[in-house]
Amino acid sequence: MSSNSLLLHDENQGAVLVDSGYGSHQAQTLALVRHALISQRMPSLRLIVNTHLHSDHCGGNALLSQHFGCEIAIPPGEFDAALAWDQQTLSYESTGQSCPRFKPDHVLRPGTLIKQGGRQWQVLAAPGHDPHSIILFEPESGILVSADALWEHGFGIVFPAITGEGLETERGFAEVEASLNLIDTLPVRLVVPGHGPAFSDLAGALQRARKKLDYFRQNPERHARHAAKALIMFRLLEVGPQPQANFVESLLKTPVHLAMWRAYFAQVDAQAWTKELLTELAHHGALKMSPEMELSAH
Ligand SMILES: [Zn+2]
């Protein structure tokens with residue numbers, strides 16, 4: 001459920017952590033960071049940087065900033081919402097996901113640099129998956145921290161496209177494309193994505209991402225279906241094994257799930273559509289459905 005976290009060392013000023021995982025894993029994230037700091041003889045953590053504020057990227061912010069007394073830097077577009085802890089704007093309300101409240105200290109303005117360990121990390125805007133997301137690039141090592149703008153096999157859900165509004169949908173896909181084009185201009189040697197292992201075949205990843213983008217752009221309802229399933233799996237991992245009836249009921253109260261249904265699949269009954277998605281996920285082996293109709297993530 002947690003995003004990747006990357007620790008950037010600096011023996012003089014302390015380490016910087018990029019993204020902090022999901023809230024329910026915060027104790028584990030803290031233990032991992034403490035272990036890494038001790039083993040590298042780092043003085044402490046001086047700053048947490050978030051690529052964007054989805055709950056799986058900033059759920060450790062509260063505990064870690066409290067523990068280390070460090071500051072938090074976030075993309076500019078979400079600063080006010082985070083300061084006021086507006087859970088609707090921050091998407092936690094609509095996805096039904098949770099994130100422990102934290103207080104941001106700094107804005108990560110695109111075009112600026114994070115100087116750390118003798119290196120200069122460029123902050124670049126990479127909207128698409130999330131309109132406010134940033135990515136980081138360090139030219140000397142050629143390392144790209146691509147967040148959910150580019151994975152080895154695709155990219156994160158294009159959230160602006162799931163509401164089914166034509167303009168918003170096209171804007172979301174166009175932003176994904178622009179972010180892929182931006183990444184294509186960088187002399188990248190290693191990509192550390194938001195999820196999954198680091199990889200070095202940038203050209204291959206871009207090719208797969210563009211193919212997926214074309215397909216979704218032509219079939220936005222396929223994208224919505226894919227998004228609905230990804231959010232279902234995230235929810236199931238969070239709540240753990242569940243009787244199917246309870247789980248379906250909770251999904252039918254989740255605004256983002258209903259919004260996708262309303263936008264693209266309202267010709268089918270919402271409950272029937274939800275069960276159809278669960279059956280597909282079980283069929284593909286992502287989840288297990290026991291004979292007693294209990295669901296669990298595989
Ligand atoms: Zn995300």
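The values are calculated or read from the model by the stated rules, or taken from the named source; none is laboratory data. Everything numeric in this text was worked out from a predicted model, so none of it was measured. Every residue, glycine as well, gets a Cβ built from its backbone with ideal geometry; the counts of neighbours run over all protein chains shown.
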> Taking segment 54-71, which residues are crowded, with 24+ Cβ neighbours inside 10 Å and part of a loop (DSSP other than H, G, I, E, B)?
Replying inline: HIS54, GLY59, GLY60
>> Checking the condition in contact with a Ser or Thr (Cβ under 6 Å, 6 or more places away or on another chain) and either surrounded by fewer than 19 Cβ atoms within 10 Å (Cβ to Cβ) or aromatic (Phe, Trp, Tyr) (or both), which residue from ALA81, ALA161, ALA147 passes?
In response: ALA81
>> Against the condition touching a Ser or Thr at 6+ places or on another chain (Cβ under 7 Å) and not assigned by TED's automatic domain parsing to the domain that holds VAL158, how does LYS275 come out, does it pass?
In response: no
> Here are some conditions: (1) surrounded by 15 or more Cβ atoms within 10 Å (Cβ to Cβ); (2) out of contact with any Leu (no Cβ under 7 Å at 6 or more places or on another chain). LEU295 meets all but one. Which one does it not meet?
Replying inline: (2)
>> Can you pull out every residue in segment 96-137 that is at pLDDT below 95 and not in a loop (DSSP other than H, G, I, E, B)?
In response: none
> Do the conditions hold for SER20, that is, is it within 16 Å of the ligand (Cβ to nearest atom), in a loop (DSSP other than H, G, I, E, B) and touching a Cys at 6+ places or on another chain (Cβ under 9 Å)?
Replying inline: yes
> Which members of segment 52-107 meet the condition of being under 26 Å from TRP121 (Cβ atoms) and of a type in the set (D, E, K, R)?
Replying inline: ASP56, GLU71, GLU78, ASP80, LYS103, ASP105
>> Can you tell me which residue is nearest to ALA73 (Cα to Cα) among those in segment 1-23 that are of a type in the set (S, T, N, Q) and buried (at least 17 other Cβ atoms within 10 Å of the Cβ)?
In response: SER20
> Within segment 156-169, is even one residue away from the ligand (no atom under 15 Å from the Cβ), modelled with pLDDT of 95 or more, under 14 Å from ALA126 (Cβ atoms) and over 17 Å from the mean Cα position of the chain (by Cα)?
Replying inline: no
>> Of the residues THR29, THR51, only one is at pLDDT 95 or above, in the same structural domain as ALA81 (by TED's automatic domain parsing), buried (at least 21 other Cβ atoms within 10 Å of the Cβ) and in a helix (DSSP H, G or I); which?
In response: THR29
> Within segment 199-217, is there a residue that is touching a residue at least 12 places away in the same chain (Cβ under 8 Å), in contact with a helix residue (DSSP H, G or I) (Cβ under 7 Å, 6 or more places away or on another chain) and not in a helix (DSSP H, G or I)?
Replying inline: yes
>> Considering only residues that are surrounded by 15 or more Cβ atoms within 10 Å (Cβ to Cβ) and among the charged types (D, E, K, R), which ones fall in segment 94-122?
In response: ASP105, ARG119
> Any idea which of (1) farther than 21 Å from GLU78 by Cα; (2) within 13 Å of the ligand (Cβ to nearest atom); (3) buried (at least 20 other Cβ atoms within 10 Å of the Cβ) is the one PHE216 doesn't satisfy?
Replying inline: (2)
